[in-house]
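Everything on this sheet refers to the single structure shown next.
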Amino acid sequence: TLVMGVSPELLHEIEKLSSCDISDALVALGQELGGLIVDVKMFSPEMERGTHKIVGPAFTVRMTYADDPSPERPDKHFLDACPPGHIMLIQAPPGSVNSCWGGNLSLSAHSRKVLGTVVDGGTRDLLEHRELGYPVFARFHSTLPQSTFTRPARLSCPLTFQPAQSSHPFKPTPSTTVNPGDILVCDVDGCVAIPSDMISQVIDEAKKKRMQDQMLRYELSKGREWEKAQERVKARLRSGQL
């Protein structure tokens, strides 16, 4: 069965890759920020440890401030709108200090077969997420609730993520835009997004880079100097000795 137009075979291939593999591939393919959702880290099932990974299509939610006079409001609760087999991706408004995801939401999401939640903002009730084994990734954790400070504005919309600050003197701050249905891969190293029209390219490039990395690790394990090891890998690639 296709998931948002992605075959189970492709999803299975993506599951074999780490978030770092995918970022390397996306950078090589011209995505400057490598698909990274900046500053998001694993809070559950454990705190930045273990082999936990979630892979699936994004269901996007844009939050705004609770007192925002804009008439934009979803017709239904964002959790009820998220299909099973998806990853909830929530973007909080800049500067918010509250949680946008708590324990009761994890309980409901877990029972409805949502794969996990990624919050560009805060989460709370960490022990409740962990007791469920429900994956939660976020920028920070907070004691403050969602509804008092923020509210949903739009569902299933593009979301753009970039570093809070950048001091690069030569070029503008890069960003990552995630569209509904793009594939998220989140593990102990972070969360990345694969554009839905680049999945096959990313898999091929990531496999190639992983093979090169394995070759380099072999050379380094023999005690060779870094530059010498790099030269030997390049020579093998040029000669086709894979």
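The values are calculated or read from the model by the stated rules, or taken from the named source; none is laboratory data. It should be emphasised that the depicted structure is a prediction, and the values quoted were computed from it without experimental measurement. Glycine also receives a Cβ, built like all others from the backbone with ideal geometry; neighbour counts cover every protein chain displayed. Note: accessible area is taken over every heavy atom of the protein model, side chains too, but ligands, DNA and RNA are not part of it. Shrake-Rupley method; radii C 1.70, N 1.55, O 1.52, S 1.80 Å.
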Which is open to solvent by 60 Å² or more (accessible area, probe 1.4 Å) and assigned by the TED database to the domain that holds Pro163, of Asp39, Asp21? Asp39
In this structure, does Asp182 turn out to be open to solvent by 100 Å² or more (accessible area, probe 1.4 Å) and either under 14 Å from the mean Cα position of the chain (by Cα) or modelled with pLDDT under 90 (or both)? no
Take the conditions out of contact with any Ser or Thr (no Cβ under 8 Å at 6 or more places or on another chain), open to solvent by less than 90 Å² (accessible area, probe 1.4 Å) and basic (Lys, Arg) and apply them to Arg236. Does it pass? yes
Among the listed residues Thr173, Thr160, which satisfies the condition of being loosely packed, with under 12 Cβ neighbours inside 10 Å and of a type in the set (Ser, Thr, Tyr)? Thr160
Only one of (1) touching a residue at least 24 places away in the same chain (Cβ under 8 Å); (2) open to solvent by 40 Å² or more (accessible area, probe 1.4 Å); (3) of a type outside the set (A, V, I, L, M, F, W, C) fails for Ser96. Which number is that? (2)
What do you reckon, is Pro45 surrounded by fewer than 21 Cβ atoms within 10 Å (Cβ to Cβ), in contact with a His (Cβ under 8 Å, 6 or more places away or on another chain), assigned by the TED database to the domain that holds Leu115 and at pLDDT 95 or above? yes
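From the list Thr123, Thr160, which one is closer than 30 Å to Lys113 by Cβ, touching a Gly at 6+ places or on another chain (Cβ under 8 Å), hydroxyl-bearing (Ser, Thr, Tyr) and at pLDDT 95 or above? Break it down into steps so the answer makes sense when it comes.
Numbers: Thr160 fails: touching a Gly at 6+ places or on another chain (Cβ under 8 Å).
Selected residue: Thr123, the only one of Thr123, Thr160 that is closer than 30 Å to Lys113 by Cβ, touching a Gly at 6+ places or on another chain (Cβ under 8 Å), hydroxyl-bearing (Ser, Thr, Tyr) and at pLDDT 95 or above.
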Single residue of region 187-224 satisfying the filter (among the small types (Gly, Ala, Ser) and in a strand (DSSP E or B)) that is nearest to Pro135 (Cα to Cα): Gly190
For region 24-36, which positions are open to solvent by 40 Å² or more (accessible area, probe 1.4 Å) and hydrophobic (A, V, I, L, M, F, W, C)? Val27, Ala28, Leu29, Leu36
Of the numbered conditions (1) in contact with a helix residue (DSSP H, G or I) (Cβ under 9 Å, 6 or more places away or on another chain); (2) in a strand (DSSP E or B); (3) not charged (D, E, K, R), Leu184 fails exactly one; give the number of that condition. (1)
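Please enumerate the residues belonging to region 127-149 that are assigned to a loop (DSSP other than H, G, I, E, B) and open to solvent by 60 Å² or more (accessible area, probe 1.4 Å).
Answer for region 127-149, where residues must be assigned to a loop (DSSP other than H, G, I, E, B) and open to solvent by 60 Å² or more (accessible area, probe 1.4 Å): Thr143, Ser147, Thr148, Phe149.
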Hey, could you check region 17-73 for residues that are hydroxyl-bearing (Ser, Thr, Tyr) and part of a strand (DSSP E or B) and say which is farthest from Ala153 (Cα to Cα)? Ser44
Could you go through region 56-73 and let me know if any residue there is among the small types (Gly, Ala, Ser), within 20 Å of the chain's Cα centre (by Cα) and surrounded by fewer than 20 Cβ atoms within 10 Å (Cβ to Cβ). no
